[in-house]
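Trainee: Take a look at the following structure, please.
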Amino acid sequence: MLHAVIMAGGSGTRFWPASRKLVPKQLLALSGQRTMIQSTVDRLGDLIPPERQMIVTNKILVEAVREQLPELPAANVVGEPCKRDTAPCVGLAAAMIKRTDPDGTMVVMPSDHVIASHAKFQAALAAAEKLIDEDPTRIVTFGIKPSYPAESFGYIQRADKIAADGVDAYKVEKFREKPDRATAESYVDAGTFFWNSGIFVWRASTILDALETNAAAMSVHLHAIADAMGRPDFDDVLEREFTAIKGTSIDYAVMETYKNVVVIEAPFPWDDVGSWQALARLNDPDEHGNTVVGSHIGIDTKGAIIMTQPGHTIVTIDVEDLIIVQTADATLVAPKHAEERVREAVKALEDKGFSDKL
């Protein structure tokens, strides 16, 4: 059967001050009424029922996620004892799925992307599942055709085209790390590179075997956790064994060296919502290029991104290309070109003892 695993443990520091430790980006509504994690579940539609959907998140967020997704069984929201990157997250989910469905296929996806077409997304997942059924040792990923030479994404270099059901699919030549500007431009010019979406489809047994080969020490801890499933001491074993894992990404642990990988050119619109400027892509700007979520009065204001709390109005005069985000206890004002430095602000708040603002 097809299972969905949604990775929801991120802290979303680039979306401070709206994103906080207890209410990170994936639990916010940045476009429309539904939060990002709710929208991620929504796009699965009827393809994967709630009982086969798993959320893996930080243990401090478990109750908040359960409140936002009451249709999921409570046990399907799994709390990691600590942050250990994506490979342990994937391994934990795979071990849990394999225990109940030894031949189960997993689609693994982040909780904080925006994909506009649910129908195209579901059709692409169905095509990927068929590719896995044809060869259970296969790993399938989704590549995004680059629209500009991004330096913030990893890239996937495609090789020969293969037969697939209703999608363009290729063997993977190589995964590439985040490039510098010149290298990114060469990738776009070549026309054979995709952005790495971070969405994967594989058999639970396949990814566990790959982790066994490439990350043997991690697998020892995952096996111990799997053996404790259903026992009264499971929570204690999970805490002890997961904490002992040395964290690493699934790209580094498996994808960069695994030989049997297929990339599907994503037939759906995709946005990784990586920083505040994503609001301008997700919400229609006004006639002056301002993107406003909330209440705003602008006088000679152009190209601004503004987000306010209900009941609060921001007034701007003679400003251009600013990010202004107001919350109940903190306000961010920054030029758009410096949005990546929001992480510096979060670290400065931490260093100066403003933990109540994080």
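Taken together, the values in this text are just the output of simple stated rules run on the coordinates, not laboratory data. Note that the coordinates shown come from a computational prediction; the quantities given were computed from them, not determined experimentally. Cβ sites come from the backbone with ideal geometry, for glycine too, and all protein chains shown count toward neighbours.
Trainee: Go through the range 273-279 residue by residue and turn each phi into a ³J(HN,Hα) via Karplus (6.51, -1.76, 1.60, θ = phi - 60°); whole Hz please, and just put x for glycine and proline.
Mentor: Once rounded to whole Hz, the list reads 6, x, 7, 4, 5, 4, 4.
Trainee: Can you sort 41, 237 by how many other beta carbons sit within 10 Å, fewest first?
Mentor: Listed from fewest to most nearby Cβ atoms, that is 237, 41.
Trainee: Right, next: What's the angle, to the nearest 10 degrees (0 to 90), between helix 86-100's Cα axis and the longest principal axis of the chain?
Mentor: Approximately 50 degrees, to the nearest 10.
Trainee: So, one more: What relative contact order, as a whole-number percentage, does the range 154-273 give when Cα pairs under 8 Å and 6 or more residues apart are counted?
Mentor: 32
Trainee: Place a +1 charge on the Cβ of each Lys and Arg in the chain and a -1 charge on the Cβ of each Asp and Glu, then give the dipole magnitude about the Cα centre in debye, rounded to the nearest 20.
Mentor: It comes to approximately 340 debye.
Trainee: Within straight cross-link reach of residue 21, meaning Cα distance under 30 Å, which lysines are found once same-chain residues fewer than 8 apart are removed?
Mentor: Output for residue 21: 59, 83, 178, 246, 336, 347, 352, 357.
Trainee: Could you please state, rounded to a whole Å, how far the C-alpha centre of the range 106-146 is from the C-alpha centre of the range 260-323?
Mentor: The two parts, judged by their Cα centres, are 28 Å apart.
Trainee: While we're on this one: Under 23 Å from the Cα of residue 130, which lysines turn up, not counting those fewer than eight places away in the same chain?
Mentor: The reachable lysines, counting only those whose Cα sits under 23 Å from residue 130, are 98, 120, 145, 161, 171, 174, 259.
Trainee: May I ask which residue of 111, 90, 5 lies farthest towards the positive end of the charge dipole of the chain, with charges of +1 (Lys, Arg) and -1 (Asp, Glu) on Cβ and the Cα centre as origin?
Mentor: Comparing the listed Cα positions along the dipole, 90 ranks first.
Trainee: Give me the percent relative contact order of the range 278-357, please, defined on Cα pairs under 8 angstrom at least 6 residues apart.
Mentor: 19
Trainee: For helix 181-190, what angle does its Cα long axis make with the longest principal axis of the chain, in degrees from 0 to 90 and rounded to 10?
Mentor: For 181-190 against the chain, the angle is about 60 degrees.
Trainee: Around residue 162, which amide H atoms from residues at least 5 apart in sequence, or from another chain, sit under 5 Å from its own amide H, with H modelled in the peptide plane?
Mentor: For residue 162, whose amide H was placed from the backbone, the distant partners under 5 Å are 169, 170, 171.
Trainee: Mean residue ellipticity at 222 nm from the helices of the chain, using -39,500 (n - 2.57) per DSSP H segment of n ≥ 4 over the full residue count, to the nearest 500 deg cm²/dmol?
Mentor: Result for the chain: -8500 deg cm²/dmol, rounded to the nearest 500.
Trainee: Shifting gears a bit: Report the charge-dipole magnitude of the range 278-357 in Debye, nearest 20, computed about the Cα centre from +1 at each Lys and Arg Cβ and -1 at each Asp and Glu Cβ.
Mentor: The calculated dipole for the range 278-357 is roughly 240 debye.
Trainee: Sort 254, 167, 220 by Cβ crowding within 10 Å, fewest neighbours at the top.
Mentor: By the 10 Å Cβ count, ascending, the order reads 220, 167, 254.
Trainee: Tell me which trypsin sites (Lys or Arg not before Pro) from the range 1-96 have a DSSP coil assignment and no more than 15 other beta carbons within 10 Å of their own.
Mentor: For trypsin sites (Lys or Arg not before Pro) across the range 1-96 that sit outside H, G, I, E and B with at most 15 neighbouring Cβ atoms in 10 Å, the list reads 21, 34, 83.
Trainee: Along the positive direction of the dipole of the chain (beta-carbon charges: Lys, Arg +1; Asp, Glu -1; about the Cα centre), which of 196, 54, 248 reaches farthest?
Mentor: It is 248, whose Cα lies furthest towards the positive end.
Trainee: Treating the angle as unsigned and between 0 and 90°, give the value, to the nearest 10°, between the Cα long axis of helix 118-134 and the longest Cα principal axis of the chain.
Mentor: 20
Trainee: Based on the alpha-carbon gyration tensor of the range 278-357 and its eigenvalue square roots a ≥ b ≥ c, which shape applies: rounded if a/c is under 1.5, prolate if not and a/b is larger than b/c, or oblate?
Mentor: The shape class here is prolate.
Trainee: Percent relative contact order of the chain, based on C-alpha pairs within less than 8 angstrom and at least six residues apart?
Mentor: After rounding, I find 19 percent.
Trainee: Taking a spot 7 Å from the Cα of residue 63 along the direction of its beta carbon, which residues of the range 24-47 have an amide N less than 17 Å from it?
Mentor: Under 17 Å, as judged by backbone N against the label point of residue 63, lie 24 of the range 24-47.
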